[in-house]
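What follows is a single structure, written as structure tokens, with notes after it.
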Amino acid sequence: MEHKWWHSRTAYQIYPKSFCDTNADGIGDLRGVISKLDYLQELGVGLVWLSPIYASPLADQGYDISDYYRIDPRFGTMDDMDELLREAGRRDIRVVMDLVVNHCSDEHEWFRKACEDPYGKYGRYFYIRKHQDGDPLPCNWRSYFGGPVWSKLPGHDDLVYLHLFHRKQPDLNWENPEVRRDIYSMINWWLEKGVAGFRIDAIINIKKALPFRDYPADREDGLSSVDHMLFEAKGVLDFLNEMADETFRKYDAFTVGEVFNEKPEELPLFIGERGCFSTMFDFAETVINQGPEGWHAQKPVTPEAYKAACFESQRKTRDTGFLCNIIENHDEPRGVSRYLPAGTCEGPYAVAAKKMLGGLNFMLRGLPFLYQGQEIGMENTRCSRIEDVDDISARDQYRVSLEAGLSPEEAMEVVNRFSRDNARTPFQWDASDNAGFTSGTPWLPVNPNYRTINLDAQRNDPDSVWNFYRALIALRRNPDYRETAVYGQTTPYLPERKNLMAYFRRSDTQTLLVIGNFQDAEAEIPLPGAVRRVLLDNLNGCAVEARTLRARPWQFAVLDMDA
Ligand code: GLC
Ligand code: CA
């Protein structure tokens with residue numbers, strides 16, 4: 001496999017709104033990010049993905065862009081952005097932007113012009129169709145945030161426009177070459193500026209199966225999940241390869257796709273040697289137990305299901321390329337609250353278990369992508385009233401839960417388990433008011449556990465989650481182990497054994513064995529050979545006797561084995 005500049009780096013996602021606020025308006029900003037670059041360097045991060053900071057009405061927290069060439073004043077100025085790129089570069093940290101081009105904001109100039117003249121040039125930038133009240137809509141797809149994907153075009157009672165997401169996020173018509181050309185120019189403008197690449201939002205949705213038609217309804221609302229359409233849509237890779245040729249490939253840019261629902265045969269076309277992206281996220285764990293009914297029907301993830309999903313992703317990419325390994329992002333609950341059994345974060349083994357989960361994920365083959373706060377073991381938050389929930393998708397799922405017969409209390413439990421707010425509470429820097437995130441009022445309340453879970457408390461504690469993540473990152477950068485940690489193949493070890501997740505990472509010259517005792521109990525784990533060295537463990541030592549590891553509850557270890 002050809003080595004690329006991004007392969008051995010550890011990536012870190014920043015959700016700017018919740019990272020660090022420097023002007024006391026309660027909203028994190030670019031100057032806040034700049035002020036924490038030393039921190040990121042200390043942690044060992046080599047690549048940063050910034051969630052959207054473009055001009056936006058923030059109907060979907062910046063994933064609704066009204067001007068791709070401007071920074072939203074709430075986040076700062078273009079000068080701040082230039083300074084961030086410069087300062088990050090000085091620390092050998094590359095910066096990746098979010099690329100949101102399935103849709104723009106309904107406040108984007110293109111959409112405004114489309115409303116002024118639906119039959120003119122900009123009308124063709126969107127999907128606009130004739131519709132009379134009382135008639136069926138052009139198709140029965142359900143928007144990702146609930147309700148039909150069609151809304152009335154402002155100012156035109158006889159027209160509707162398509163939005164797979166919120167009604168303030170009209171879908172761009174990728175079939176129109178003018179749209180594609182405008183998007184490519186914008187991408188190149190940012191690459192010229194010095195961004196290292198993009199995380200590419202919701203990209204599978206750009207190809208619609210046309211002409212619009214209904215699919216079988218899958219909920220009481222008579223609508224049908226967009227998934228059915230995506231399954232049928234052909235040709236997304238033609239768009240993506242054109243985009244890559246016109247933009248990324250000219251700059252050796254790093255790109256990571258947010259791709260759900262890819263077809264198995266397409267994987268090499270996405271992330272293979274000549275794929276359209278450098279990599280994409282592994283969502284196999286994220287979608288465990290997900291179904292069309294919605295969040296309320298989703299069962300907790302068992303260790304066995306988690307392990308199976310990870311191993312299946314490792315298997316399918318073995319000869320293809322790299323996926324990005326995550327336990328969470330800004331759209332998902334906190335990984336430690338989701339993948340560890342209920343109660344673990346409240347129990348005596350919380351720290352050990354958080355490290356184990358992080359270690360198992362980090363050591364997989366692929367690119368490790370941390371999400372802000374993961375490195376200090378941040379957990380889900382709680383909200384008691386739906387009015388206090390910010391996340392538009394959580395509000396929709398609250399309604400779906402009520403419609404499915406849950407009581408308001410039960411529906412709030414569902415929201416608390418899955419709300420995107422869980423990951424969006426402010427970063428917990430220290431134990432001072434508002435966790436040191438802001439001296440104003442934070443836009444979303446800080447998780448009350450910040451007095452015990454915060455960076456300041458963990459920095460000087462050698463046994464903290466934070467120092468463990470630092471050690472993981474350092475191991476990946478260590479010249480003695482880098483080749484194996486980055487490129488080594490994964491082979492599951494004792495995959496049938498319950499509550500154990502273990503695997504080899506093998507290169508020509510080395511065999512590492514990664515072991516996680518995924519339970520509250522001790523376990524005797526047979527070893528396949530002699531241990532040369534314990535490279536890393538989460539409990540200040542681990543008991544290796546002859547060919548056995550006597551693992552304590554939630555023990556995690558990386559062992560350098562006699563090959
Ligand atoms: C992606 C983003 C999510 C956003 C959606 C629409 O899934 O990660 O936050 O709501 O796309 O842009
Ligand atoms: Ca601010």
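Values in this text are rule-based calculations from the coordinates and carry no lab data. Predicted model, so just to flag it, every value in this text is computed and none were measured. Cβ coordinates were reconstructed from backbone atoms using ideal geometry, including for glycine residues, and neighbour counts include every protein chain displayed.
Taking the chain as the region of interest, what is the percent of Cα-Cα pairs per 20 angstrom bin, listed from the shortest bin to the one with the maximum distance?
21, 56, 22, 1
Please list the non-local residues whose amide H lies under 5 Å from the amide H of L549, H modeled 1.01 Å from N, same-chain partners needing a gap of 5 or more.
Excluding prolines and chain starts, which carry no amide H, the hits are I525, L527.
Could you please tell me the mean projected area of the C-alpha convex hull for segment 93-247, averaged over all directions and given in square nanometres to one decimal? Let's see the in-between values first.
Details: hull surface 40.0 nm².
Result: 10.0 nm².
Which of rounded, prolate or oblate describes segment 416-501 when judged by the alpha-carbon gyration tensor and an a/c cut-off of 1.5?
prolate
Give me the one-decimal nm value for the distance between modelled label points at E178 and N261, 7 Å along each residue's Cα-to-Cβ direction.
Placing both labels 7 Å beyond Cα along the Cβ direction yields 2.8 nm.
What residues qualify as long-range amide H neighbours of F126, i.e. H under 5 Å apart, gap of 5 or more or another chain, H built at 1.01 Å from N?
Amide H neighbours of F126, under 5 Å, 5+ apart: N173.
Calculate the spin-label point distance for E346 paired with R274, positioning each point 7 Å from the Cα along the beta-carbon direction, and give it in nanometres.
5.6
Taking 0.36 nm per residue of sequence separation and subtracting the Cα-Cα distance, how much length would be gained by fully extending the chain between N460 and E545, in nm to one decimal?
27.4 nm
So if we plug the beta-carbon distance of R124 and D221 into 1/(1 + (r/R0)^6) with R0 = 25 Å, what FRET efficiency do we get, rounded to 0.05?
The calculated FRET efficiency here is 0.25.
Give the distance, in whole Å, between the Cα centre of segment 255-322 and the Cα centre of segment 353-393.
Each part reduced to its Cα centre gives a spacing of 18 Å.
R0 = 35 Å: FRET efficiency of D133 with W189, Cβ-based, nearest 0.05?
Values: r = 42 Å, r/R0 = 1.20.
FRET efficiency, D133 to W189: 0.25.
Show me the ranking of peptides 343-350, 132-139 by mean Cβ neighbours inside 10 Å, starting with the highest.
Packing proxy ranking, top to bottom: 343-350, 132-139.
Restricting attention to segment 372-463, which chymotrypsin sites (Phe, Trp or Tyr not before Pro) occupy a DSSP loop and are surrounded by at most 16 other Cβ atoms within 10 Å? Let's see the in-between values first.
Working: sites: Y398, F418, F427, W429, F437, W443, Y450; in loops: F427, W429, F437, W443.
Of the chymotrypsin sites (Phe, Trp or Tyr not before Pro), not one in the loops of segment 372-463 has a Cβ with at most 16 other Cβ atoms within 10 Å.
If I model a spin label at D390 and R451 as a point 7 Å from the Cα along the Cα→Cβ vector, what separation in nanometres do I get?
For the pair D390/R451, the computed spacing is 2.3 nm.
Just want to confirm a number: the relative contact order over segment 440-509, from Cα pairs under 8 angstrom separated by 6+ residues, in percent.
Across segment 440-509, relative contact order equals 18 percent.
Note the full-extension length gain between M78 and E413 as 0.36 nm times their separation in residues minus their Cα-Cα distance, in nm to one decimal.
116.5 nm
Kindly rank 321-329, 24-32 from highest to lowest mean number of other beta carbons found within 10 Å of each residue.
Packing order, densest peptide first, comes out as 321-329, 24-32.
Long-range amide H contacts for F281: which residues qualify at under 5 Å (H placed 1.01 Å from N, peptide plane, sequence gap of 5 or more or a different chain)?
Sorted by chain and number, the residues that satisfy this are G257, V259, C324.
My understanding is that a pair violates if its Cα-Cα distance is over 26 Å; which of K168/K208; K17/K208; K36/K355 do that in this structure?
On the way: K168/K208 19 Å; K17/K208 32 Å; K36/K355 23 Å.
From the list (K168/K208; K17/K208; K36/K355), the Cα-Cα distance tops 26 Å for K17/K208.
Taking Cα centroids, how far is segment 1-79 from segment 198-242 in Å?
29
Once R0 is set to 51 Å, what does the formula 1/(1 + (r/R0)^6) return for the Cβ-Cβ distance between S8 and L402, expressed as a FRET efficiency to the nearest 0.05?
E between S8 and L402, to the nearest 0.05, is 0.60.
Using only Cα atoms, find the angle between the long axis of helix 236-246 and the longest principal axis of the chain, and express it within 0 to 90 degrees, rounded to the nearest 10.
Taking Cα atoms only, the helix is inclined about 80 degrees.
Using the alpha-carbon atoms, what tilt in degrees (0 to 90, nearest 10) does helix 392-403 show relative to the longest principal axis of the chain?
Rounded to the nearest ten degrees, it is 90.
Starting from the Cα of V287, step 7 Å toward the Cβ, then list every residue of segment 130-144 with an amide N under 18 Å from that point.
Answer for segment 130-144: 142-144.
Would you mind calculating the gained length between T320 and N23 on full extension (0.36 nm times residue separation, minus the Cα-Cα distance), in nm to one decimal?
Using 0.36 nm per residue and subtracting the Cα-Cα distance, I get 102.3 nm.
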